[in-house]
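> Got a structure here, written out as structure tokens. Questions coming.
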Amino acid sequence: MEAVIAILALTFVAFVVLGVYLAVKAVGAARRGVERTVTQARKAVEDTTLRAKSMGQVGVAGELAQLRLSLRTSMRATQDALHARVEQDESLKESLSLFERLSGHGHELDDELKRLEREPDKRRVGERMPDLRERTERITHAADSLRWATRDRARQFADDDLAALSAEIEVESGALRDWATKGPTTGMPVDAPTDVPGGIPGSAFDPAAGTAADASQATDAPQAIGAARPAPAYPWQKTAKPETTN
């Protein structure tokens, strides 16, 4: 009895622990989903703000906004391209590792540009603009190179697969057309005897064959000289009645 109670207690504790674990996992997944949504919304708002600043402001402030917008757009597009293909192509893991290192430089530059937007001394900021433009171009060029190389690789794989598929289809099409070189087949030999109703063709039980044999024997039998041949009987003739004498 004590063993049964202990087993029931352990089962209850196991269910409680499992329920707590599943609850924690669900809360964590929900929190990550909310954080992801908030992050995406914040990025969308920042991109919209930067786009408005780059078009609505002139001078250093507008150029800083343009650099940040160009940097963020290039880095995000490259990240999406790599993550979309890394599961199908294992060789992209090294490219993804390089992009993570490049992202460190990109985040550092974006933070610096963001701080300079709030810098009151615009003259000093203007003096640093050539260096900031060069760094932005180097990072975006590297990101663009990775992105386009990934897309070219994916397109090459698709072209190779299409070429192999086309070759297989041509082989299958040739096999389907092989009847043209052998001629049509009817499914029945040319010299096969046809069915004769009422008997088995070519057998001793064929009534047609028996009738033909009987007729042949009757024809080949010797006939008496001057003997009258019986008139042929037709099915539409009536049977002659015997004559009666008075």
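The values are calculated or read from the model by the stated rules, or taken from the named source; none is laboratory data. None of these values were measured; they are calculated from a predicted model. Virtual Cβ from ideal backbone geometry, glycine too; neighbours counted across all protein chains shown. Heads up: the accessible areas ignore ligands, DNA and RNA and are worked out on the full protein's heavy atoms, side chains in. Shrake-Rupley method; radii C 1.70, N 1.55, O 1.52, S 1.80 Å.
> Quick check on GLN66: is it modelled with pLDDT of 90 or more, polar (S, T, N, Q) and farther than 29 Å from ALA154 by Cβ?
Judged against the criteria, GLN66 is a match.
> Here's something else I'd like to know. Go through the residues of region 76-97 one by one and say whether even a single one is over 37 Å from the mean Cα position of the chain (by Cα) and open to solvent by 60 Å² or more (accessible area, probe 1.4 Å).
For region 76-97, residues over 37 Å from the mean Cα position of the chain (by Cα) and open to solvent by 60 Å² or more (accessible area, probe 1.4 Å): absent.
> Is it the case that ALA52 is free of Cβ contacts under 8 Å to residues at least 60 places away in the same chain, closer than 30 Å to ALA158 by Cβ and open to solvent by 40 Å² or more (accessible area, probe 1.4 Å)?
No: the conditions fail for ALA52.
> Which residue is farthest from the chain's Cα centre (by Cα), if the candidates are limited to region 55-66 and must be open to solvent by less than 20 Å² (accessible area, probe 1.4 Å) and among the aliphatic types (A, V, I, L, M)?
LEU64
> Only one residue in LEU113, LEU162 is among the hydrophobic types (A, V, I, L, M, F, W, C), surrounded by 13 or more Cβ atoms within 10 Å (Cβ to Cβ) and part of a helix (DSSP H, G or I). Which one?
LEU113
> Moving on to the next point. In this structure, does ALA149 turn out to be surrounded by 12 or more Cβ atoms within 10 Å (Cβ to Cβ), assigned to a helix (DSSP H, G or I) and without any contact (Cβ under 8 Å) to a residue 24 or more places away in the chain?
So ALA149 does not fit the description; no.
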